[in-house]
Amino acid sequence: MLRQLPPSEGLRASIVVPAITNDMPMQITAWQSATIVTVAAVIAVLLLLRARLSVRAAAIVLLTADLSLAVAWPLAAVVRGHDWGTDSVFSWTLAAVLTIGTITAATMLAARLGSDAGHSAAPTYRDSLPAFALPGACVAIFTGPLLLARTPALHGVGTAGLGVFVALAASLTVLPALIALAGASRQLPAPTTGAGWTGRLSLPVSSASALGTAAVLAICMLPIIGMRWGVAENPTRQGGAQVLPGNALPDVVVIKSARDLRDPAALIAINQVSHRLVEVPGVRKVESAAWPAGVPWTDASLSSAAGRLADQLGQQAGSFVPAVTAIKSMKSIIEQMSGAVDQLDSTVNVTLAGARQAQQYLDPMLAAARNLKNKTTELSEYLETIHTWIVGFTNCPDDVLCTAMRKVIEPYDIVVTGMNELSTGADRISAISTQTMSALSSAPRMVAQMRSALAQVRSFVPKLETTIQDAMPQIAQASAMLKNLSADFADTGEGGFHLSRKDLADPSYRHVRESMFSSDGTATRLFLYSDGQLDLAAAARAQQLEIAAGKAMKYGSLVDSQVTVGGAAQIAAAVRDALIHDAVLLAVILLTVVALASMWRGAVHGAAVGVGVLASYLAALGVSIALWQHLLDRELNALVPLVSFAVLASCGVPYLVAGIKAGRIADEATGARSKGAVSGRGAVAPLAALGGVFGAGLVLVSGGSFSVLSQIGTVVVLGLGVLITVQRAWLPTTPGRR
């Protein structure tokens, strides 16, 4: 989907994915594959020449193998579809080796049949058909069903089996036609007379030798008991590797609720879930909305808040020192104010006494002024008639009497006017005097109140000073206690989680809100990082995580919430299920082969084939575990047992079946045996030999590194070696029927 987005200028994006998204960690370059196939072809030619077949026969084998691969390649591409990617080189290499081995074994087995017929009669196509079909059928039975495998590595072996199916078809059609056309089925010396092949029966194997071999195999299997499975290079498509350097793919726990979880109460519940999850064995770090850094958030705790409160108290305690100094200075100021109030009181008393004495002198004067005004008013009433007559006289200046009366009345009017002004002034003086006396009379009361207030302040200041001096040590002690409490609970995760709404809305928490919560806030996720690399034990952790999260959600804001576990635990569970499925598939295939072998030659021989393959595989696996796990300190990858068993069985089963069945095929064709013919085991030896070449090639192309290729190659090479030993020790050549 990301590749389909239009490119943006200046933007470089890289997709960080686990290594297993390339289907399987078995990377082979084209030239390495070509080298392995070339060596396998050379070994096949040498085996054909050793079996006294002509160069022309070898050319026919290689031509048939090339034609088979040319047909199988597009067929495999169709089957794999879009997954035909990096593992195609590995699958193609295995397909080429098995195809060459199958056709070579079919040619040698048919040549043996022809040598058994002698000069009496050339074998017909019908007589040679079992010989042409036996190697390819054995390999196809074991590789074809692997297309149903879930692990891409084992599915790649099934894809290689498509080449074997084509090779089987070519062995039944193209190969006989080319041999008949070229007349080069074999060039062997004329058969000699005598006892023949029937007289060359293998001697029965002693029970002591069989028991000794069984004991050695049992010892080789012992390391399997302590086997450790590794999935660092996971065999499934959903696997996990290191997403970021130093951090393996985490488990993801998603909690879905019906309410918004972006509040302090919900974060307290998420903190409890985080505590529960980090207690699960193997979990070393939990990243959540309450633990953004993967560990308990020290700053989002009551103990951290107590530490901040202690700092504030310490600062306030320091501010009390100037206050105490100011209080001490206040005492002297209050004393000075008390003295000033006393002086004011004395002054007010003197002023009040003087005002009262002045009032005593002022009262007679005011009374005389009022009396004088009254008399003047009374006299004015008597003179009003004369005044009226003068005003109404027509020619007062010419009249002697009027002029004399006017000279008397006009000064009197001036006196009356003056007396009125004097009376008004006296009234004003009386009003002012009254106000002054009233004000001076309230002054002593106000002074007394001031003195009382100063007395109260004088008595309060020492108490305030004592209180502050007593509180300062207590505040310092409380600050120290809170600071020690914060230090004691620091980085313990037990300080009482609390994140206020203010902190939730802080811009510094915005990234956490966006990455840990859904857009509507009803879902939150937690990332769990585990110790070491991802392994199959992580599959059982998924259920543990669900149980641990459920225990923390029995009360609080997350009650009735849904828990979903994904990530590494889910991947490990998918890996385990895929491995179990493929192991069962391989077991069913092996049982099918045993059943078919039992139908051909009897239950004993069928069981011998199954036991021989299984014993060889387990012994080789035990030795490989001892080598890789105990000597080289490397876990065996989980896909190694499956892939190595599939390759080993594909190359080994035909070898075991041919050892049992080849004699019967020849007997049914003719009763004569040739002393110069290759044995039934030798006829199918190319499959075992080329399987060994393939295994050794995987070890060599890996450059001696601790890769999956080296581990698979080791098991295959050891397994084929053990299988040949087991075949010779437990399955001697069976005499043919006359």
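Could you tell me whether segment 708-728 includes any residue that is buried (at least 18 other Cβ atoms within 10 Å of the Cβ), modelled with pLDDT under 80 and among the small types (G, A, S)? Scanning segment 708-728 turns up no residue that is buried (at least 18 other Cβ atoms within 10 Å of the Cβ), modelled with pLDDT under 80 and among the small types (G, A, S).
Name the single residue that is nearest to R276 (Cα to Cα) among those in segment 547-566 being without any contact (Cβ under 8 Å) to a residue 60 or more places away in the chain and of a type outside the set (A, V, I, L, M, F, W, C). Once the filter is applied, the top-ranked residue is G550. Annotation: R601 fulfils all but one of (1) within 28 Å of V139 (Cβ to Cβ); (2) free of Cβ contacts under 8 Å to residues at least 60 places away in the same chain; (3) of a type in the set (D, E, K, R); the unmet one is (2).
Residue under question is A638, and the condition is that it be at pLDDT 70 or above and within 19 Å of I589 (Cα to Cα); does it hold?
Values: at pLDDT 70 or above: yes; within 19 Å of I589 (Cα to Cα): no.
Answer is no for this residue.
Okay, residues lined up against (1) surrounded by fewer than 24 Cβ atoms within 10 Å (Cβ to Cβ); (2) among the small types (G, A, S):
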position	(1), (2)
S128	no, yes
A133	yes, yes
A137	yes, yes
I141	yes, no
L146	no, no
R150	yes, no
A160	no, yes
F165	yes, no
P176	yes, no
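For segment 248-268, what are the residues that are farther than 16 Å from Y509 by Cβ and acidic (D, E)? Listed by number, the list holds a single entry, D251.
Residue by residue through segment 63-77, note down the ones that are under 17 Å from S171 (Cα atoms) and modelled with pLDDT under 85.
We begin by selecting, within segment 63-77, every residue under 17 Å from S171 (Cα atoms); these are 63-72.
A72, the sole residue that qualifies.
Restricting segment 586-638 to residues that are farther than 21 Å from A218 by Cα and under 33 Å from the mean Cα position of the chain (by Cα), the residue that is surrounded by the fewest Cβ atoms within 10 Å (Cβ to Cβ) is D633. Considering A578, A569, A539, A574, the condition of being crowded, with 17+ Cβ neighbours inside 10 Å, at pLDDT 80 or above and touching a Lys or Arg at 6+ places or on another chain (Cβ under 6 Å) is satisfied by A578 alone.
Every residue, every condition in (1) on the phi < 0 side of the Ramachandran plot; (2) in contact with a helix residue (DSSP H, G or I) (Cβ under 7 Å, 6 or more places away or on another chain); (3) not in a loop (DSSP other than H, G, I, E, B), yes or no:
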position	(1), (2), (3)
R259	yes, no, no
L267	yes, no, yes
I270	yes, no, yes
V273	yes, yes, yes
L277	yes, yes, yes
R284	yes, no, yes
W291	yes, yes, no
W297	yes, no, no
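Here is the figure for segment 646-684: residues that are modelled with pLDDT of 65 or more and farther than 14 Å from V139 by Cβ total 2. Restricting segment 123-163 to residues that are part of a loop (DSSP other than H, G, I, E, B) and β-branched (V, I, T), the residue that is farthest from V643 (Cα to Cα) is T124.
Considered as a group, the residues in segment 205-257 that are assigned to a loop (DSSP other than H, G, I, E, B) and over 28 Å from the mean Cα position of the chain (by Cα) include one that is modelled with the highest pLDDT, and that residue is S206.
Of all the criteria given as (1) assigned to a helix (DSSP H, G or I); (2) at pLDDT below 70; (3) of a type outside the set (F, W, Y), the one not satisfied by E335 is (2).
The values are calculated or read from the model by the stated rules, or taken from the named source; none is laboratory data. The shown structure was predicted, so the numbers you read here are calculated from the model rather than taken from an experiment. Every residue, glycine as well, gets a Cβ built from its backbone with ideal geometry; the counts of neighbours run over all protein chains shown.
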